[in-house]
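Working notes for the structure below.
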Amino acid sequence: MAAKTLARLLARLDDSKCRVGEVDPAQLEKLLVQVGRQRLADAESLARFHDALLFLRAHPPSRRILRRVESQLGSFAGRIDEFRQAGGDLSPLDEEQVSGIAGTTLSADFHYDQVSWLVKKFPRTVSIDWEGYEKNEALAATLPRFIPLLEDDSLVEPDVPYRRWMEAASGGSGRALGWLVAQFQKLPLNIEAQAEIFGSLELPVRWELGDSKAARTHGKLSVRKVFYQREPLIPRSQVLLAKEFAKPPLKLKKLSLREGEKILDLCREATTVRYRELYGTTRGDPASVFEAEVGRGVQIFLWGLPPERRLPLRVYQAGFTLKNGVPINYIEGISLFEWMEIGFNTFYAYREGETAWIYAQVLRMLRQMLAVSSISVYPYQIGQDNKEAIQSGAFWFYRKLGFRPMRSDLAKVVAEEEKKIAKDPHYRTPARTLGRLAQGHLVYELGEASPGDWDRFRMRNVGLAVQPGMASRFAGDVSDFRRVAGQKLARLLDVHPGSWSPLEQKAFSNFALVLDRIPGVALWTTADKDRLVAIIHARATAAEPEYSALLQAHARLRAAILKLGSSAES
């Protein structure tokens, strides 16, 4: 009977949170009290209650509800501990949809940058998760550079106790991970080389969250003013991208380095406890963080990459959104000229909030910063190798916002599906059809975009077009290829990159490889060549938006790269 009562209460709470702003706050508070008094006897109930509380923290209808939510979240580490001591199975809370609750533990093979950050920020609660680890060959190849006399054991013995060796070298149990990272950081190698060797170890890292502020249970930023949800949530049907793009520019605030570091740390915490890593969240530039307050308690933060970690050609922006200080999504925008591919992922607990409206504000900010006009969605976002996106009908989320398939064959499938929907309002697109629609990109083109220009473009086509020249002319030797391509471009542009900084030389070399495949550069005007030189310098020295603006001003370079990347995929 108790289990049925709890299930009924949780179902009512799930329904009420989706109608926050409509439901009487007094009734909602009564429901929270009733659920809070229940003994949550299984992991699923713990997760459901926890996520309902998180949703109401982000969308509170009143001050009383917010206080109640904060109080109940504050007790969650104790609930988890009681559940564990009673012999409860916590393994369901390892799933990324619900991971990161206070009192639980994470274990994953994180990237070197992420591990370095974890060791720095949470040294007492992260360690190597040795259970089931079997990569002894990798340890044998790497550890002798850090541990004297290890070869006398590792080169000739079949059962080397690497854990014991590492604990002895680091000064005791639980210190091995911090010690190992410190040794890697002392290597006379750049961070990419350090990461490559560390990654070969595939060391799982264990993070005991305890009651840490980094847990999903507590992760938030203090805000000056709370937005109380006293009206219904904005549904997708009321969001028109054209209308949002037509609004006045957002007020953008450039954060200080210290403020930027705080924001990047919060984003890293929010993503790491959910087993998520993006290139820009682990390697972001805290000196490049911009903030926009877009209303309804929503703050959007975007940042670029430090010069030494930038992509060869494309502009990269990462970011995340806070609702009343609560992290609710993460963002990745990768652009070239006026075209951008965007990844947008709302965390599971908040997907029934104002997702479409917030997505529109993110696009507004990205467009304002980078002047993009063709915005593309990765197939993964709509269901390619992503069952959850298929089940949620993610394709129609984007389609109803005005996105269209970039492939003509898929556009025909959409037209047929829309006819069926128009005939029968109850019709639902089959999962098999949604899977087919997810095999290509979607795009939203603003008024000034040239429709269809980027439909066949793929960034990898540019890189793949470069490789045959290296293979046929230089026997696959990249050093010779870079040297000769660089010499050729230096002559064409009448520059001497040998006197430039290392990062500028790296940028010059990358552009030289691409321009080696573009005919007629010698015939470009002096102004076009000078603009190309400015672009190359900006890739290494300027902020990403400034580099993007220079790219968009170079029509000949755009046309050449667009043509190169629109060739048939290999």
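Structure above, values below:
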item: Dipole magnitude (debye, nearest 20) for region 438-524, charges at Cβ of Lys, Arg, Asp, Glu; result: 380
item: By average C-beta atoms within 10 angstrom, highest first, the peptides 353-359, 298-304; result: 298-304, 353-359
item: Per-residue [θ]222 nm for the chain (sum of -39500 (n - 2.57) over DSSP H runs n ≥ 4, rounded to 500); result: -15000 deg cm²/dmol
item: Diffusion constant of region 251-294 at 20 °C, which comes from Stokes-Einstein with the Kirkwood Cα-pair radius and 1.002 mPa s, µm²/s; result: 196
item: P(r) of region 2-90 over all Cα-Cα pairs, binned every 10 Å from zero, in whole percent; result: 17, 53, 26, 4
item: Largest-first principal axis extents of the Cα set of region 198-265 (Å); result: 50, 28, 28
item: Label-point separation, residue 159 to residue 491 (7 Å along Cα→Cβ), nm; result: 6.7
item: For residue 107, net neighbour charge (Lys/Arg +1, Asp/Glu -1) across residues whose Cβ lies under 12 Å away; result: -4
item: Separation of the residue 71 and residue 85 label points, Cα + 7 Å toward Cβ, nm; result: 2.3
item: Neighbour-count order for 441, 537, fewest beta carbons within 10 angstrom listed first; result: 537, 441
item: Taking region 240-340 and dividing mean pair separation by its residue count, relative contact order in percent (alpha carbons under 8 Å, at least six apart); result: 23
item: Debye-sum result for the chain in log10 I(q)/I(0), which assumes one identical scatterer on each alpha carbon, at q = 0.09, 0.10 Å⁻¹; result: -0.83, -1.01
item: Proxy reagent accessibility, fewest Cβ within 10 Å first, across 37, 57, 206; result: 37, 206, 57
item: Alpha carbon centroid spacing (whole Å) that separates region 121-173 from region 26-67; result: 45
item: Calculated FRET value between residue 64 and residue 238, using beta carbons and R₀ = 25 Å, to 0.05; result: 0.30
item: Charge sum, other residues only, whose C-beta stays under 13 Å from residue 136's C-beta, Lys/Arg counted +1 and Asp/Glu -1; result: -3
item: Kirkwood Rh, Cα atoms: Rg over Rh of region 459-565; result: 0.94
item: Of every Cα-Cα pair in region 471-515, the percent that sits beyond 12 Å; result: 60
item: Whole-number D in µm²/s for region 105-208 (Stokes-Einstein; Kirkwood sum over Cα pairs; 20 °C, 1.002 mPa s); result: 153
item: Local electrostatic count at residue 343 - Lys and Arg +1, Asp and Glu -1, tallied over other residues with Cβ under 13 Å; result: -2
item: Fewest-first ranking of 337, 403, using other Cβ atoms within 10 Å as the exposure measure; result: 403, 337
item: Dipole in debye (nearest 20) - the chain, about Cα centre, beta carbon charges: Lys, Arg +1; Asp, Glu -1; result: 2180
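None of the figures in this text is laboratory data; all of them are computed from the coordinates on show. On a predicted model such as this, the values are computed, not experimentally measured, just so you know. Virtual Cβ from ideal backbone geometry, glycine too; neighbours counted across all protein chains shown.
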